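Rule-based calculations on the coordinates, nothing more; no lab input. A quick note: this is a predicted structure, and the numbers were derived from the prediction, not measured. Glycine gets a Cβ as well: all are built from the backbone with ideal geometry, and neighbour counts include every protein chain shown.
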Amino acid sequence: MADQHEDMRIDVVKDGPYIVSGNVPLLRAKIVVDAEGDSVSYEETHRYPLQEKYALCRCGASENKPYCDGSHVRVGFTSRMIAPNEFYMDEAQAIEGDGIRLLDATRLCIGARFCDRAGGAWALTEHSDNKDAKQMAIHEAKLCPSGRLVMIDTGTGQPIEPDLEPSIVLLEDPANNASSALWVRGGIPVFDENGDLYEVRNRVTLCRCGASRDMTFCDGSHYRVRFDDGYANE
């Protein structure tokens, strides 16, 4: 990250909120879908006033969402830190294409559906000798909010990553009447409840409904529990 972002961090509090510090921008965005219901882009809908430090709800019960109001105590929230603190490359599977390699860590899927168009990112990679298929495969991988999918340029060995503003996005999925994950962008460090640093990545998604089976990360359980922070349908 650039020097002006070096103080940004997210600390996971045991059985409590995310403590965000370092003037991290907080915004809200919705997933935009096409006529077939496939996700195609993001649309920013709101940007919150910049704060040096704030606490974000992760139990899903706050009456002052997205901020924590102490409701985790009232509802007896238990964070159940389950997700392994391991490197992406240690769990990702590879699909080879023409000049590209698609990496896929399925555990990180949040059900955002950016990978579904035109047969899906996997089939597109396998048929990437076709220029249009190759471009679409790269495009879909870059849109994946959780970084489940990462495209590698096999010529350079480097990931083909989107240029993302260091920020936290409250994702909304109006097509499915659900409030989605906390999308952490731009390589902001996340520390688990023991103070250990998770792998720093350009794209990660954290649970904010309190129901993930892969805490601290989102696993799409917001759809299962029909989580709505009050903005799901806007």
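Miscellaneous remarks
- From helices alone, the chain scores -3000 deg cm²/dmol at 222 nm; the rule is -39500 (n - 2.57) for each run of n ≥ 4 DSSP H residues, then divide by the residue total.
- Highest GNM mean-square fluctuation among GLY60, GLY186, GLY195, for the chain modelled with Cα contacts below 10 Å: GLY195.
- GNM on the chain, alpha-carbon springs under 10 angstrom: the most fluctuating residue among LEU143, LEU197, LEU102 is LEU197.
- In order through the stretch 204-220: 3J(HN,Hα) via Karplus (6.51 cos²θ - 1.76 cosθ + 1.60), integer Hz, x for Gly, Pro: 9, 10, 10, 6, 10, 9, x, 10, 4, 8, 9, 3, 8, 7, 6, 10, x
- The stretch between SER41 and ARG226, if pulled fully straight at 0.36 nm per residue, gains 64.4 nm over its current Cα-Cα span.
- At R0 = 41 Å, FRET efficiency that the Cβ-Cβ distance of TYR88 and GLU63 yields, to 0.05: 0.70
- In this simple spin-label approximation, PHE191 and VAL13 carry label points 7 Å from Cα along the Cα→Cβ vector, and these lie 1.4 nm apart.
- Residue among VAL184, VAL200, VAL73 with the largest mean-square fluctuation in a Gaussian network model of the chain, springs linking Cα atoms under 10 Å: VAL73
- Rounded if a/c under 1.5, otherwise prolate or oblate - the stretch 88-159, Cα gyration tensor axes: oblate
- Percent antiparallel among DSSP beta bridges (both partners in the chain, rounded to 5): 85
- Residue order for THR78, THR216, THR156, fewest other beta carbons within 10 angstrom first, comes to THR156, THR78, THR216.
- Placed amide H near ILE100: partners under 5 Å, 5+ positions off or other chain: THR154
- DSSP-loop chymotrypsin sites (Phe, Trp or Tyr not before Pro) across the stretch 135-234, with at most 16 other Cβ within 10 angstrom: TYR231
- Note on GLU199 and THR156: with the Förster distance fixed at 25 Å, the Cβ-Cβ geometry gives a FRET efficiency of about 0.75.
- Among the trypsin sites (Lys or Arg not before Pro) in the stretch 112-178, none is located in a DSSP loop while being surrounded by at most 16 other Cβ atoms within 10 Å of its own Cβ.
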